[in-house]
Amino acid sequence: MRNPIATLRNRWSDSDARTDGGEPASERSFLDRDSVRSAPFWVPPFLLVGLFVYGAVVWNFFLSLTDFSGIGEPDYSDLDVENYFVAFSDPVDGFLSMFGMGGEVSGGTPAWSDLTVDPVWNSLGNTLALMIGFSAVCLALGLLLAILVDRGIRFENTFRTIYLLPMSLSFVVTAKFWLYMYNPQTGLINIALGVFGIGPVQIVQNPDLKLGAVAFALIWQFSGYAMIVYLAALRGIPSSHFEAARVDGASTIKMYWRVIVPQLRTATVSALVVITVFALKAFDFLFSMYGGYQPGPSADILATRMVREAYANQNWAYGSTIAVILFVMALCIVAPYIYSQYRRGEL
Amino acid sequence: MSTADTDARLKRLALYAVLIAMAGFYLLPILTGLFTSITSPESYTGQSPFLPPMEPLLPETGSFSLQPWGNAFDGLARGLTNSFILVIPATILSGLFGSMAAYGLTNVDWRGQVGIYALFVAGIFIPYQAVLVPLTQFWYNVVPLQSLFAPLAGLPLVQAYHWKLVALIVTHTAYGIPICTLLFRAHYKKLSDEMIEAARLDGASVSTIYRRIVLPLSIPMFAVVFIYQFTQIWNDLLFALTIVQFGDASVVTQELVGIGVSQAGTNFPLRMAAALLAALPTLVVYVLFGDKFAEGVTA
């Protein structure tokens, strides 16, 4: 389909399509006038986004170079990258510790503190584990649901609505529901385990299960989203592909694996980008689940660590440093995605 | 009946069994919450949260009571009011700005256009953490919004602490613009072009075309965008926590974090009622306009 506004644009810039037959010189000013006239449409939103999103990101970077802590005003006269050295101090053991190896990890003592400040390795490791585990299961479950829903079932709308329902809830609400589900005495999960003679198991405060419990609740909330994305992609595959595979005598599972799944790459990438970025933002969930800034070391992710350093400990500059790390991680996921969109002309 | 028929029937049966089991998986946490929320706290035992309270009929299930909902409403009333004051203007403003940006950016023909649009799209994915400290600095130390707002506090229904909500409205508007722009741009690429061309030939200006043609044709998209933004802003905790902070201007998600916990232990009926009450506006919107919501999240 033709894009009306692009057509309009061509009309304005293309002298052959002009109806008033003006001179080339006046045409330039005419064109200028039109771009100026449309500026009121995109400039105010752009200024808001520029100031509050990108301006704040740049400002945050400068804050991460200061020694700003406690109450008062940040001092921008003495900028250095000390906080980054603290954040990544003890790199070898720290890096290994993310995989459960290496020796004791020691922190650093920045100029703004008398105490040792922990590096980010622990929360970085948890963030990566949560991102990878949560996204992988979410996509797999979403794909499975999409395939089931796509098999010409009755009440398709009802099933779809139910599967996507948790997505409309707040992280705070979801955390309250799952806190109840996980409760050792009255939670449904422990009641179910009790039927098999297991338990009661402490889940929410158990260092070994915490992160898994968080990931499980997030999967409950977001797998419906993956399903909707995959379902749209499945509907876009011509039915001849399904039939051709069937004529070849492929079993249903083989057909999906060989013929259909490879065609879902675009859907997978876009769902993956959105879901991993959700995982980066899981702060609301953890704050509500643990009733504050302290989820404990085994469930501490960068998102909670950043807010805790800044707003609970008032180590503003260090909080900003962790925020820059989070921003860079998000950028690493999103920039290639946007670039590939641009290359395919979908931007 | 042939074996092939029986086979197909069994497969079909298994398919529905799985679908229903999965529906149970998604509904159970909400249903147990609902059943618990209508149990009177005195009779609550927690032995069978998956059953509705039917005490005289079924022992150990607790007796029916709406008291938790009443208490939850008392506990959340201030948060609910503040959330509505926040969410309505923020939703409308971000939707309008998004529509304008999408129109303006698809309209102008200059080299930086895709770059600007890429910045808008990237803005969708920026973690809130990356801007929190500057935003707190901005609203508390740079812009004297509190003193600027003070003269308005004399007006009816306006309170002095509402300046914090104004700060939050502006912040949410700025953060909502990128996703709204994306949604509207996708829609504007699909608009029928005859009317716009006709208007153009009649000598209509860029803004007339927007007001007379594009805006009315955007109404279905406004529904999608408003539903999406309403849900996002209503559900947010982090911006409220850092910009509004706890106090008079707390929004509902903030109030919900601490409700139902006391020295005596957790009051589960109250907590579940509060969780459902806080989720009610988005649940109602979702149940009424589920397809529009799906359209918003998949764009």
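The values are calculated or read from the model by the stated rules, or taken from the named source; none is laboratory data. Since this is a predicted model, take the numbers as computed values, not measurements. Positions of Cβ are backbone-derived with ideal geometry, glycine not excepted, and every protein chain shown enters the neighbour counts. When the accessible area is computed, the model is the full protein with side chains, heavy atoms only, and any ligands, DNA or RNA have been set aside. Shrake-Rupley method; radii C 1.70, N 1.55, O 1.52, S 1.80 Å.
Tell me, which residue of the stretch B:15-32 that is facing chain A (nearest Cβ under 10 Å) and of a type in the set (Gly, Ala, Ser) is surrounded by the fewest Cβ atoms within 10 Å (Cβ to Cβ)? Step by step, filter the stretch B:15-32, then rank; the result is B:Gly24. When we screen A:Thr174, A:Thr158, A:Thr186 for residues that are hydroxyl-bearing (Ser, Thr, Tyr), within 10 Å of chain B (Cβ to nearest Cβ) and not in a helix (DSSP H, G or I), the only hit is A:Thr186.
Restricting attention to the stretch A:82-130, the residues that are open to solvent by 40 Å² or more (accessible area, probe 1.4 Å), of a type in the set (Ser, Thr, Tyr) and more than 18 Å from A:Leu65 (Cβ to Cβ) add up to 3. The set of residues in the stretch B:57-74 that are within 30 Å of B:Val158 (Cα to Cα) and open to solvent by less than 40 Å² (accessible area, probe 1.4 Å) comprises B:Gly70, B:Ala72. Is it the case that the stretch B:245-267 has a residue that's more than 11 Å from every other protein chain (Cβ to nearest Cβ), in contact with a helix residue (DSSP H, G or I) (Cβ under 6 Å, 6 or more places away or on another chain) and modelled with pLDDT of 85 or more? Within the stretch B:245-267, one or more residues are more than 11 Å from every other protein chain (Cβ to nearest Cβ), in contact with a helix residue (DSSP H, G or I) (Cβ under 6 Å, 6 or more places away or on another chain) and modelled with pLDDT of 85 or more.
A residue that is among the hydroxyl-bearing types (Ser, Thr, Tyr) and within 11 Å of another protein chain (Cβ to nearest Cβ) cannot be found anywhere in the stretch A:106-115.
Just to be sure before I move on: is A:Tyr163 at pLDDT 90 or above, more than 8 Å from chain B (Cβ to nearest Cβ) and open to solvent by less than 20 Å² (accessible area, probe 1.4 Å) in the structure I sent?
It is false that A:Tyr163 is at pLDDT 90 or above, more than 8 Å from chain B (Cβ to nearest Cβ) and open to solvent by less than 20 Å² (accessible area, probe 1.4 Å).
Evaluating A:Ile237 against the criteria (1) more than 10 Å from chain B (Cβ to nearest Cβ); (2) within 18 Å of the chain's Cα centre (by Cα) leaves one unmet condition, (2). A:Phe327 meets each of the listed conditions (1) open to solvent by 50 Å² or more (accessible area, probe 1.4 Å); (2) on the phi < 0 side of the Ramachandran plot apart from (1).
Considering only residues that are surrounded by 14 or more Cβ atoms within 10 Å (Cβ to Cβ) and in a helix (DSSP H, G or I), which ones fall in the stretch A:234-251?
A:Leu234, A:Phe242, A:Ala245
All of (1) more than 10 Å from every other protein chain (Cβ to nearest Cβ); (2) surrounded by 15 or more Cβ atoms within 10 Å (Cβ to Cβ); (3) over 19 Å from the mean Cα position of the chain (by Cα) hold for A:Tyr342 with one exception: (1).
Listed by position, the helices (runs of 4 or more DSSP H) enclosed by the stretch A:1-92 include none that has at least 1 residues that are in contact with a Lys or Arg (Cβ under 7 Å, 6 or more places away or on another chain) and modelled with pLDDT of 70 or more.
For the stretch B:231-268, a residue qualifies if it is free of Cβ contacts under 8 Å to residues at least 40 places away in the same chain and part of a helix (DSSP H, G or I), and the qualifying residues are B:Leu241, B:Val257, B:Gly258.
Only one residue in B:Tyr210, B:Tyr161, B:Tyr175 is at the interface with chain A (Cβ under 10 Å from one of its Cβ atoms) and within 30 Å of B:Leu80 (Cα to Cα), so which one is that?
From the options B:Tyr210, B:Tyr161, B:Tyr175, the qualifying one is B:Tyr175.
Here B:Ile88 fulfils each of the conditions (1) open to solvent by less than 70 Å² (accessible area, probe 1.4 Å); (2) modelled with pLDDT of 90 or more; (3) of a type in the set (A, V, I, L, M) apart from (1). For the stretch B:36-44, check the following and say yes or no: at least one residue is part of a helix (DSSP H, G or I), on the phi < 0 side of the Ramachandran plot, more than 14 Å from every other protein chain (Cβ to nearest Cβ) and open to solvent by less than 60 Å² (accessible area, probe 1.4 Å). No, the stretch B:36-44 has no match at all.
Let's see how each residue does on (1) over 26 Å from A:Asp150 (Cβ atoms); (2) away from chain B (no Cβ under 13 Å); (3) open to solvent by less than 60 Å² (accessible area, probe 1.4 Å); (4) modelled with pLDDT of 85 or more:
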{"position": "A:Ile253", "(1), (2), (3), (4)": "no, no, no, no"}
{"position": "A:Ile260", "(1), (2), (3), (4)": "no, yes, yes, no"}
{"position": "A:Gln263", "(1), (2), (3), (4)": "no, yes, no, yes"}
{"position": "A:Val269", "(1), (2), (3), (4)": "no, yes, no, yes"}
{"position": "A:Leu280", "(1), (2), (3), (4)": "yes, no, yes, no"}
{"position": "A:Phe285", "(1), (2), (3), (4)": "yes, no, yes, yes"}
{"position": "A:Tyr290", "(1), (2), (3), (4)": "yes, no, yes, yes"}
{"position": "A:Pro297", "(1), (2), (3), (4)": "yes, yes, no, yes"}
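The residue that is surrounded by the most Cβ atoms within 10 Å (Cβ to Cβ), among those in the stretch B:178-193 that are more than 8 Å from chain A (Cβ to nearest Cβ) and more than 12 Å from B:Leu217 (Cβ to Cβ), is B:Cys180.
Of the numbered criteria (1) hydrophobic (A, V, I, L, M, F, W, C); (2) more than 10 Å from chain A (Cβ to nearest Cβ); (3) within 18 Å of the chain's Cα centre (by Cα); (4) closer than 15 Å to A:Phe177 by Cβ, the one B:Ala273 fails is (3).
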